[in-house]
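For reference, the structure is listed below as structure tokens.
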Amino acid sequence: MAERIAEEKINQIRQSVDIVEIISEYIQLKKQGRNYFGLCPFHGENSPSFSVSSDKQIYHCFGCGAGGNVFSFLMELEGISFLEAAIKLAEKANIDLQVNFSVNGKGKSVSPELQSMLDAHELLTKFYHHLLVNTKDGQHAFEYLLKRGFTRESIDKFQIGYSLNSWDFVYKFLTKREFSPEIMEKAGLIIKRDRDGTYFDRFRDRIMFPIFDRNGNSIAFSGRSLGAEEPKYLNSPETAIFNKSKILYNFHLAKPSIRKLQQAVLFEGFADVIAADKSGVENGIATMGTSLTEEHITLIRQNTQSVTICFDSDKAGIEAAYRAGNMLMDAGCAIKVAMMSDGLDPDEYIKKNGPEKFRNEVIGASLTWMAFKFLYFRRGKNLQIEGERLAYIETILKEISKLTKAVEKDHYLRQLASEFSISLDALQQQLKQIFFAEKRNSSGQNQQPVNKPRVMAKQENKLKPAHYTAERRLIAHMLKDRDTAYKVQDLLQGSTFNTDEHQAIITYLIGFYEDRMNPDSSAFLTYIQDENLRRIVADIEMMSINDELSNQELTDYIKQVLNYQKLLKIKEKEVELKEAERQSDYSKAAAIATEISQLRKSL
């Protein structure tokens with residue numbers, strides 16, 4: 001297998017794809033001036049600080065420091081190698097790489113073992129579906145689904161299938177096609193008996209719901225029993241290709257609708273997603289029998305910042321909605337909660353009330369996050385009892401104090417005042433007391449304020465030394481002009497930049513210019529091997545500098561760089577001077593003082 005792509009092919013890929021179009025597939029970008037801005041996909045934030053330059057074909061986040069070109073964007077976001085990113089971009093640009101890579105259908109290189117697992121799941125997904133809709137063996141399962149309200153359209157769309165009531169059909173089916181039993185066991189499709197080392201099928205006589213990853217690869221199954229057999233749902237174990245904490249059911253199908261509507265509807269299980277989809281809610285996704293995770297939220301936020309939570313309306317469902325809502329709010333999402341009556345789940349509600357009512361009176365009438373908390377905190381309380389009523393009001397006031405918009409605060413304070421016949425002035429007074437009490441409690445502690453997004457890294461906002469700023473501005477001009485780069489190198493007269501990272505960047509840059517005549521920001525970022533240096537270059541590229549570098553400006557910058565070493569030398573000599581004076585070595589002190597004076601004159 002070839003492991004390298006020719007340099008000319010890399011250049012062809014880079015010149016054929018537009019970084020704005022590629023990044024727009026993952027986050028929403030809006031043009032502001034010459035650049036495009038959006039919410040950073042690498043850390044949680046409420047205000048856009050992620051900038052994409054169409055001219056330079058690079059991106060940079062002013063919040064967390066992430067930066068690079070189109071290759072590094074895919075590498076960092078999807079956790080793939082440069083080779084995999086190049087293959088993916090070549091596929092988008094319809095560029096024939098003229099090499100034979102071992103890749104899956106989505107342009108991602110994988111090991112032969114993982115590819116075998118993916119191939120087996122794809123084969124079985126098609127086979128199970130065929131058994132359900134086209135054979136007598138699957139007819140009873142097909143009729144069972146139709147009786148439960150499934151349509152043929154939904155069965156086809158979600159590739160629902162049926163596994164035969166056999167102990168070893170899948171084992172024989174796969175081994176005949178030269179799939180390794182050991183690898184199929186690792187994939188969770190068959191199980192090895194301890195007593196004799198033989199294999200048997202994991203799924204037997206069950207409705208089969210395939211689970212797909214974000215790219216549409218079948219990676220696992222959930223099998224539902226047809227009768228009273230336990231467990232009701234039998235799921236694939238976690239494997240090298242299936243990790244529940246990273247998978248959202250139906251994401252690959254829902255993504256276009258999520259991006260179009262700029263909203264995702266989060267359900268608890270795949271049965272709810274399928275029922276909602278049948279009702280016209282095509283932007284539904286669900287966790288795979290696990291609580292919402294950071295990985296799930298990252299995937300959601302790459303496509304939308306607005307989420308409607310639609311969990312079961314029983315006690316467990318409401319608690320789960322509250323936990324999920326808090327996590328999403330902390331990540332900077334706008335939250336709504338869809339509520340249903342009578343403790344129903346979405347699937348049951350749709351069967352009882354119909355799809356139109358579900359769309360309009362559940363999803364369409366979703367509560368704001370604050371309105372949901374009004375209901376959440378009053379559960380189990382008897383508000384006729386004075387003590388419980390006062391405790392509830394104080395809890396709600398604490399939640400209102402976390403709101404950042406004055407209009408929202410005023411709206412909910414008036415709602416509270418109206419419901420409990422309390423003066424608005426009294427509530428506002430207590431809100432101030434809560435605010436100052438929380439401020440006192442958090443003073444001196446490095447606690448993050450409520451709803452402040454988590455960040456991957458913190459940018460230094462301290463005023464930088466003159467030499468540091470001068471080096472960055474010199475690099476910015478060197479990146480724009482090849483002749484300037486060589487001119488700066490000559491003026492330094494063998495000296496180096498004082499910041500190690502800056503010196504490493506110009507060393508890379510001179511090497512880059514030896515190979516190429518013209519500046520190219522995106523190409524240079526590919527040329528640099530170090531991820532941290534790529535981030536620094538992207539940051540410098542986004543700096544605002546004069547189009548032309550005057551001789552005076554250049555001289556001033558060089559002087560700042562060279563003077564820094566002299567300033568360090570002066571400080572070192574001042575320490576020696578004090579020590580000589582302390583020891584009453586006046587002749588030595590006088591000599592050192594002369595050196596210091598000469599150094600200061602040379603500044």
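The values are calculated or read from the model by the stated rules, or taken from the named source; none is laboratory data. Keep in mind the model is a prediction, meaning the values are calculated, not measured. For neighbour counting, all protein chains shown are included, and Cβ atoms are generated from backbone atoms with ideal geometry for every residue, glycine included. Heavy atoms of the whole protein, side chains included, go into the accessibility calculation; ligands, DNA and RNA do not. Shrake-Rupley method; radii C 1.70, N 1.55, O 1.52, S 1.80 Å.
Looking only at helices (runs of 4 or more DSSP H) that fall completely inside the range 369-434, which ones have 1 or more residues that are within 21 Å of residue 313 (Cβ to Cβ) and open to solvent by 50 Å² or more (accessible area, probe 1.4 Å)?
Answer list for the range 369-434: 369-376.
Here are some conditions: (1) in contact with a Gly (Cβ under 7 Å, 6 or more places away or on another chain); (2) under 22 Å from residue 329 (Cβ atoms). Residue 42 meets all but one. Which one does it not meet?
(1)
Pairs under 9 Å by beta carbon, first residue farther than 28 Å from residue 357 by Cα in the range 322-343, partner crowded, with 19+ Cβ neighbours inside 10 Å and of a type in the set (Val, Ile, Thr), six or more apart or different chains?
Listed pairs, sorted by first residue: 327/297; 330/297; 331/297; 331/300.
Output yes when any residue across the range 344-353 is among the β-branched types (Val, Ile, Thr) and crowded, with 16+ Cβ neighbours inside 10 Å, and no when none is.
yes
Select from the range 547-577 the residues that are in contact with an Asp or Glu (Cβ under 7 Å, 6 or more places away or on another chain) and either of a type outside the set (D, E, K, R) or under 25 Å from residue 51 (Cβ atoms) (or both) and list them in ascending order.
The one that is in contact with an Asp or Glu (Cβ under 7 Å, 6 or more places away or on another chain) and either of a type outside the set (D, E, K, R) or under 25 Å from residue 51 (Cβ atoms) (or both): 561.
Taking residue 51 as meeting all but one of (1) of a type outside the set (Asp, Glu); (2) within 17 Å of residue 543 (Cβ to Cβ); (3) touching a Pro at 6+ places or on another chain (Cβ under 8 Å), write down the number of the exception.
The number of the failed condition is (3).
Please indicate, with yes or no, whether at least one residue in the range 146-153 is touching a Gly at 6+ places or on another chain (Cβ under 9 Å) and on the phi > 0 side of the Ramachandran plot.
Among the residues of the range 146-153, not one is touching a Gly at 6+ places or on another chain (Cβ under 9 Å) and on the phi > 0 side of the Ramachandran plot, which makes the answer no.
Can you tell me which condition residue 546 does not meet? The list is (1) surrounded by 11 or more Cβ atoms within 10 Å (Cβ to Cβ); (2) closer than 18 Å to residue 482 by Cβ; (3) of a type outside the set (Asp, Glu), and all the others hold.
Failing condition for residue 546: (1).
If you go through the range 519-542 one residue at a time, how many are free of Cβ contacts under 8 Å to residues at least 40 places away in the same chain, more than 21 Å from residue 469 (Cβ to Cβ) and either crowded, with 22+ Cβ neighbours inside 10 Å or in contact with a helix residue (DSSP H, G or I) (Cβ under 8 Å, 6 or more places away or on another chain) (or both)?
So the answer is 3.
Among all residue pairs at least 6 apart or on different chains, which show Cβ distances below 8 Å where the first residue, located in the range 499-515, is over 11 Å from residue 534 (Cα atoms) and free of Cβ contacts under 8 Å to residues at least 60 places away in the same chain and the second is part of a helix (DSSP H, G or I) and among the polar types (S, T, N, Q)?
Between residues of the range 499-515 that are over 11 Å from residue 534 (Cα atoms) and free of Cβ contacts under 8 Å to residues at least 60 places away in the same chain and residues that are part of a helix (DSSP H, G or I) and among the polar types (S, T, N, Q), the close pairs are 506/489; 510/489.
In the range 324-343, what count of residues is obtained for those that are at pLDDT below 95, open to solvent by less than 70 Å² (accessible area, probe 1.4 Å) and in a loop (DSSP other than H, G, I, E, B)?
Of the residues in the range 324-343, 7 are at pLDDT below 95, open to solvent by less than 70 Å² (accessible area, probe 1.4 Å) and in a loop (DSSP other than H, G, I, E, B).
Pairs only if they're at least six apart or on different chains, beta carbon under 8 angstrom, first in the range 236-264 and under 22 Å from residue 113 (Cβ atoms) and aromatic (Phe, Trp, Tyr), second at pLDDT 95 or above and not in a helix (DSSP H, G or I); list them, first residue then second.
Final answer for the pair search is 242/188; 242/211; 242/219; 242/220; 242/236.
Condition check ((1) within 19 Å of residue 115 (Cβ to Cβ); (2) without any contact (Cβ under 8 Å) to a residue 40 or more places away in the chain; (3) in contact with a strand residue (DSSP E or B) (Cβ under 6 Å, 6 or more places away or on another chain); (4) surrounded by 13 or more Cβ atoms within 10 Å (Cβ to Cβ)) across all residues:
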{"residue": "171", "(1), (2), (3), (4)": "no, yes, yes, yes"}
{"residue": "174", "(1), (2), (3), (4)": "yes, no, no, yes"}
{"residue": "177", "(1), (2), (3), (4)": "yes, no, no, no"}
{"residue": "180", "(1), (2), (3), (4)": "yes, no, no, yes"}
{"residue": "188", "(1), (2), (3), (4)": "yes, no, no, yes"}
{"residue": "193", "(1), (2), (3), (4)": "no, yes, no, no"}
{"residue": "199", "(1), (2), (3), (4)": "no, yes, yes, yes"}
{"residue": "203", "(1), (2), (3), (4)": "no, no, yes, yes"}
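Of everything in the range 157-169, what is of a type outside the set (D, E, K, R) and open to solvent by 50 Å² or more (accessible area, probe 1.4 Å)? Give them in sequence order.
Those that are of a type outside the set (D, E, K, R) and open to solvent by 50 Å² or more (accessible area, probe 1.4 Å): 159, 165, 167, 169.
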